[in-house]
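Written out below as structure tokens is the structure these notes cover.
Only the coordinates and a few stated rules stand behind these numbers; no lab work does. Computed from a prediction, not measured in an experiment: that's the story for all the values here. Every residue, glycine among them, receives a Cβ derived from its backbone with ideal geometry; neighbour counts consider all protein chains shown.
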């Protein structure tokens, strides 16, 4: 069975808000509901990892078959809390602030899922990227990809990797990085994501989201 850890425990700091950005509405619906409904349509178990300060607003909105737990201080703490509540043998970890996940991406992940491998959803890098050091260095963008979510893997592998990170107090910005660090021999497959899966982080991102939401409404 596939389980989803849906990360919703942010604070909206970069959005300049006094509330969690995933509670902002697009098309009359909170941002987090878009990805939640997609995963439920695919009959996946979903565990929402929420900010305890938001529980009075979020919990009443969750369908009865959706689990929830509370986030931790760091992203990794929140992911680990979510994984512990799952029962599936394969886990998808997704940022709820990426509302526009496509059915095709979910289907492609399920088709390419292998019991002993991880999957990284990615986008091509279309900009010229430079490394800023003592001298500027232009990187070969044909060898670069942009990591997005869902990022996926066997439950026990992810549980072990994040448990090690917790013990060692190491912090990572995405899930595949944790596996790369602790289990470098694990194969990581790539699945290309839909272009609209950007993360709503800044006020400008919200403007873009408002412009594209109608393409993803059921």
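Using 0.36 nm times the number of residues separating residue 64 and residue 214, minus their current alpha carbon distance, what extension gain do you get?
Details: separation 150, 0.36 × 150 = 54.00 nm, distance 2.66 nm.
Separation in residues times 0.36 nm, less the Cα-Cα distance, equals 51.3 nm.
Pull up the DSSP beta bridges for segment 2-216 and report the antiparallel fraction as a percent, rounded to 5. Please list the in-between numbers first.
Working: 14 of 35 bridges.
Among the beta bridges of segment 2-216, antiparallel pairing accounts for roughly 40 percent.
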*Take the alpha carbon gyration tensor of segment 101-179, find the square roots of its eigenvalues, order them as a ≥ b ≥ c, and report rounded if a/c is under 1.5; if not, report prolate when a/b exceeds b/c, else oblate.*
oblate
*Would you look at the GNM of the chain, springs on alpha carbons closer than 10 Å, and say which of 173, 86, 202 moves the most?*
173
*Neighbouring Cβ atoms within 10 Å as the yardstick, rank 94, 181 fewest first.*
181, 94
_Show log10 I(q)/I(0) for the chain at q = 0.16 Å⁻¹, two decimals, from a solvent-free Debye sum over equal Cα scatterers._
-1.15
_Choice from 129, 50, 188 showing the highest fluctuation, given a GNM over the chain with Cα pairs closer than 10 Å_ = 129
_the chain: relative contact order in percent, alpha carbon pairs under 8 Å with at least 6 residues between_ = 25
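Order the peptides 35-44, 141-150 from the highest to the lowest mean number of other Cβ atoms within 10 Å of their residues.
Per-residue mean Cβ counts within 10 Å order the peptides as 35-44, 141-150.
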*Mind checking which of 22, 31, 58 has the largest fluctuation in a GNM of the chain, springs on alpha carbons under 10 Å?*
58
*For segment 20-147, what is the largest minus smallest coordinate of the Cα atoms on each principal axis, given in angstrom and ordered from greatest to least?*
53, 34, 31
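Tell me, Kirkwood radius of segment 18-64 from alpha-carbon pair distances, in Å? Please report the intermediate quantities before stating the final value.
On the way: mean 1/r = 0.0873 Å⁻¹.
Here the Kirkwood hydrodynamic radius works out to 11.5 Å.
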